[in-house]
């Protein structure tokens with residue numbers, strides 16, 4: 001970690017509440033000014049992390065994110081406004097942070113975080129904060145931090161529940177605290193972990209967990225308190241309960257190099273299903289052909305955008321099997337094609353039907369290739 005840096009008069013006024021804190025004071029604030037923090041992912045978790053790191057006076061903040069701001073982000077990603085929709089998150093975030101605190105430096109990396117650039121990107125930083133929402137990037141962030149000897153502040157959210165921890169933190173005996181692989185040696189099957197678009201997330205939850213991550217990063221940089229190293233915090237927003245679990249000692253499997261994380265996290269290939277393209281569906285509609293169209297999303301999704309199909313939510317598909325035709329072509333669709341393909345597999349196992357087709361790419365493909373005016377979500 002770099003040496004402390006002196007505060008100017010404006011900074012002394014700005015950080016007065018920190019300077020008055022016993023055990024923090026001038027020394028802690030000067031360490032923050034000299035500190036360098038990298039946030040991987042400027043979404044639900046990254047948004048509060050970035051805001052609080054900037055407000056606290058962390059001198060150099062890096063942002064890794066290649067995505068653009070979407071309207072659906074605004075339910076939880078409080079870093080952005082409606083005017084930012086369509087812009088790169090990293091650049092929109094940089095503008096907001098500098099407007100909040102002009103005394104800091106913000107560096108952006110509007111690229112995918114990959115095994116080819118990970119070690120180079122994290123090299124200048126003292127602490128890394130994982131604000132990502134997918135397993136390949138989580139394992140990559142963890143392994144890169146282990147190889148580079150960097151502490152990693154971890155957070156994850158789903159529906160009403162969140163987790164936080166500090167991995168690979170240097171201990172007094174010269175060892176490192178457990179890392180992500182000590183907790184999850186291998187990724188769970190993807191079907192057990194639907195993404196936020198499909199499973200939902202309470203909008204305030206990433207603010208809570210992200211604030212905890214910012215708290216841990218500030219403690220590490222300022223050299224105060226006791227980080228969540230060797231512990232896993234569990235938070236339930238529905239019941240407002242928390243638990244802290246002690247992680248088993250040991251860093252997990254040995255890490256000697258960065259690997260292909262997409263392949264490492266890839267599930268066994270599912271059984272194939274027959275497909276129809278959005279162009280084929282458009283032609284069937286134009287011909288007024290005799291076929292059945294079924295939407296296997298949730299009612300709220302149907303209200304956002306639909307293709308006129310009969311709505312049967314995925315958890316009702318088997319109970320509604322008698323409503324699905326056996327004597328003509330049946331096309332099932334969802335947002336991306338994943339849930340509708342799984343619904344077809346369930347139906348085929350239950351009924352043995354061979355007349356079921358999955359709309360390739362789902363309603364997103366329809367909006368992209370047939371009707372660009374359709375709202376995407």
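The values are calculated or read from the model by the stated rules, or taken from the named source; none is laboratory data. Just so you know, these numbers come straight off a predicted model, no measurement behind them. Here the Cβ is made from the backbone with ideal geometry for all residues, glycine too, and neighbour counts use every protein chain on show.
The figures follow:
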{"read-out": "All positions within the range 295-307 that are loosely packed, with under 15 Cβ neighbours inside 10 Å and modelled with pLDDT of 95 or more", "value": "none"}
{"read-out": "Selection from the range 143-162 of residues that are touching a residue at least 40 places away in the same chain (Cβ under 8 Å) and either within 20 Å of residue 114 (Cβ to Cβ) or not assigned by TED's automatic domain parsing to the domain that holds residue 237 (or both)", "value": "143, 144, 146, 147, 154"}
{"read-out": "Residue that is surrounded by the fewest Cβ atoms within 10 Å (Cβ to Cβ) [pool: residues in the range 183-228 that are modelled with pLDDT under 90 and touching a strand residue (DSSP E or B) at 6+ places or on another chain (Cβ under 8 Å)]", "value": "199"}
{"read-out": "Hits in the range 126-138 - residues which are buried (at least 22 other Cβ atoms within 10 Å of the Cβ) and over 19 Å from residue 184 (Cβ atoms)", "value": "127"}
{"read-out": "Residues of the range 39-66 classified as assigned to a loop (DSSP other than H, G, I, E, B) and either closer than 19 Å to residue 8 by Cβ or modelled with pLDDT of 95 or more (or both), total", "value": "8"}
{"read-out": "Residue match in the range 76-94 (condition: without any contact (Cβ under 8 Å) to a residue 60 or more places away in the chain, surrounded by fewer than 16 Cβ atoms within 10 Å (Cβ to Cβ) and assigned to a helix (DSSP H, G or I))", "value": "yes"}
{"read-out": "Enumeration of residues in the range 3-35 that are exposed (fewer than 14 other Cβ atoms within 10 Å of the Cβ) and either at positive phi or in contact with a strand residue (DSSP E or B) (Cβ under 7 Å, 6 or more places away or on another chain) (or both)", "value": "23"}
